[in-house]
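One structure is given here, and the rest of the page talks about it.
Taken together, the values in this text are just the output of simple stated rules run on the coordinates, not laboratory data. What you see is a predicted model, and the numbers here were worked out from it, not measured in a lab. Don't worry about glycine lacking a Cβ; one is built from the backbone with ideal geometry, like all the others, and counts go over all protein chains shown.
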Amino acid sequence: MESYDVAIIGGGIVGLATAYRILQKRPQTRLLLLEKEGKLAAHQTGHNSGVIHSGIYYKPGSLRAKNCRAGKQQLEEFCTKHSIPFDRCGKVIIATQESELPGLQSIFERGQANGVTCELISRERLGELEPQTAGIAAIHVPETGIVDYVKASEKLAEIIKEQGGSIRTQAELLKVEARSGQQVLTTKVGEFRTKQIVTCAGLQSDRIAKLCGWNPQAKIIPFRGEYYELCPRAEHLCRNLIYPVPDPNFPFLGVHFTRMIQGGVECGPNAVLAFAREGYAKTNFNVLDMWDALSFPGFRKLGLKHWSAGLGEMYRSLSKPAFVAALQRLVPDIKSSDLIAAPAGIRAQAVTPDGQLVDDFLIEEDHYAIHVLNAPSPAATSALNIGVTICDRLLKRFYA
């Protein structure tokens, strides 16, 4: 049986960044990364629109704010060093009516508190940046960027292997048991012995933590985000990134426009309950996943609290005209014929038993494992610094 110092469960960008940081700080570490799919970055990492977030939205002092700010800088440095294309294209957050101005001001103040380069701008300046928008005022965030997170993940994997780390795909974790002071991981590709475990399992994070003997109070509820792309003739309607003022009571940013590093412009997402944790199509249904959600008191309380917003999201999912109407609040000239259906993504959102959406990164640990239990956006932007955070906690155990 192969023996390791650290085993990381999950081959998305957070797991890969953690492995990379461990081998940077402790090169002699015998490290194993296990991914259940046949390829890395198969789920949340490979299904996002590639935004390098600035950290403007997040509560000052929170893990999201601190990790996003530091992670953004580290990501840009990593991409520059390894010739991974990225673009600091900037974005605008626009208010389309007077009632949104206080929310816009609040976001600006958070940005200032978090050290984000941002500016409140007039309608005239907005018209210079994004001529097709309908905003009456906006925040310009010039440091927001775009990148291909799959390419970044592939480069991380390449470096991990060069530094002696082992990466196994199609290695779904089936069982964990303690033997002689170590943990034995039973997977679909064999058994492995390890001293420490780090779980970065995204959509399966609560289940994997439980498999490792931890009992997380929060449960993952999957929300599918559906997208359209602008057809080529309509791409001129968005130069870079156009966002609305988000609903402060809802953890999603609202439908928006995102220019992608590979080319094209993505529109969305909405946010609807996914009927399967890895169900990217509307017709995907998993009985266990649905039972997990519907039997969880926290989900029922969440539904009662946000039923109105939830119905609106479902309506936009079922009705393309409703989706178009939401986009037209930002860019009035958008037409239904301008939009082509694009692949969906799934957000792993942790919910507490009292129905609260976990609004920050959530990392819990016991004496032999560290569990990343909630890492929604901006986790990809933050990944390299999340890796530092986990690595620092882990190394204390080796040098204690």
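Starting from the Cα gyration tensor of the stretch 1-76, take the square roots of the eigenvalues, sort them a ≥ b ≥ c, and report rounded, prolate or oblate (rounded when a/c is under 1.5, otherwise prolate if a/b is larger than b/c, else oblate). Numbers along the way, then the final one.
Details: a/c = 2.71, a/b = 1.56, b/c = 1.73.
Cα axes put the stretch 1-76 in the oblate bin.
Taking a temperature of 20 °C and a viscosity of 1.002 mPa s, what whole-number D in µm²/s does Stokes-Einstein yield for the stretch 91-142 with Rh from Kirkwood over alpha carbon pairs?
197
Report D for the stretch 207-344 in µm² per second (integer): Stokes-Einstein, Kirkwood Rh on Cα pairs, 37 °C, 0.692 mPa s. Mind dumping the intermediate values first?
Values: Rh = 16.5 Å.
D, rounded to a whole number, is 199 µm²/s.
Between Ser3 and Leu174, 0.36 nm times their residue separation minus their Cα-Cα distance comes to what? Let's see the in-between values first.
Working: separation 171, 0.36 × 171 = 61.56 nm, distance 1.75 nm.
Answer, rounded to one decimal: 59.8 nm.
For the residues Phe323, Phe299, Phe398, what sequence is obtained by ranking on other C-beta atoms within 10 Å, fewest first?
Phe398, Phe299, Phe323
Helix 379-399: angle to the longest alpha-carbon principal axis of the chain, degrees 0 to 90, nearest 10?
Compared with the principal axis, the helix lies near 20 degrees.
Check cross-link reach from Lys161 to the lysines: straight Cα distance under 27 Å, and skip same-chain residues fewer than eight apart.
Leaving aside lysines fewer than 8 places away in the same chain, those within reach of Lys161 are Lys25, Lys36, Lys39, Lys72, Lys81, Lys151, Lys175, Lys188, Lys195, Lys396.
Compute the acute angle (0 to 90°) between the alpha-carbon long axis of helix 101-113 and the principal axis of greatest extent of the alpha-carbon atoms of the chain; round to the nearest 10°.
Here the helix axis deviates by roughly 40 degrees.
Just going by the charge dipole of the stretch 249-400, with Lys and Arg at +1 and Asp and Glu at -1 on Cβ, which of Asn284, Asn385, Phe323 is farthest out on the positive end?
So the residue we want is Phe323.
Suppose each label sits 7 Å from its Cα in the direction of the beta carbon; what would the Gln97-Arg125 distance come out to in nanometres?
Spacing of the two 7 Å Cα→Cβ label points: 2.6 nm.
Quick one: helix 13-25 against the long Cα principal axis of the chain, what's the angle to the nearest 10°, folded into 0 to 90?
Tilt relative to the chain: about 50 degrees.
Using label points projected 7 Å from each Cα along Cα→Cβ, tell me how many nm separate Leu311 and Ser62, to one decimal.
Label at Leu311, label at Ser62, 2.8 nm between them.
So how far, in whole Å, is the C-alpha centre of the stretch 277-303 from the one of the stretch 30-91?
So the separation of the two Cα centres works out to 27 Å.
Could you list Thr199, Thr117, Thr169 in order of exposure, starting from the residue whose Cβ has the fewest other Cβ atoms within 10 Å? Intermediate results must be reported in sequence, preceding the final value.
Numbers: Thr199 29, Thr117 14, Thr169 17.
The fewest-first ordering by Cβ neighbours comes to Thr117, Thr169, Thr199.
Please arrange Asp289, Asp87, Asp354 by how many other C-beta atoms lie within 10 Å of their C-beta, fewest to most.
Working: Asp289 20, Asp87 15, Asp354 10.
In increasing order of surrounding Cβ atoms, one gets Asp354, Asp87, Asp289.
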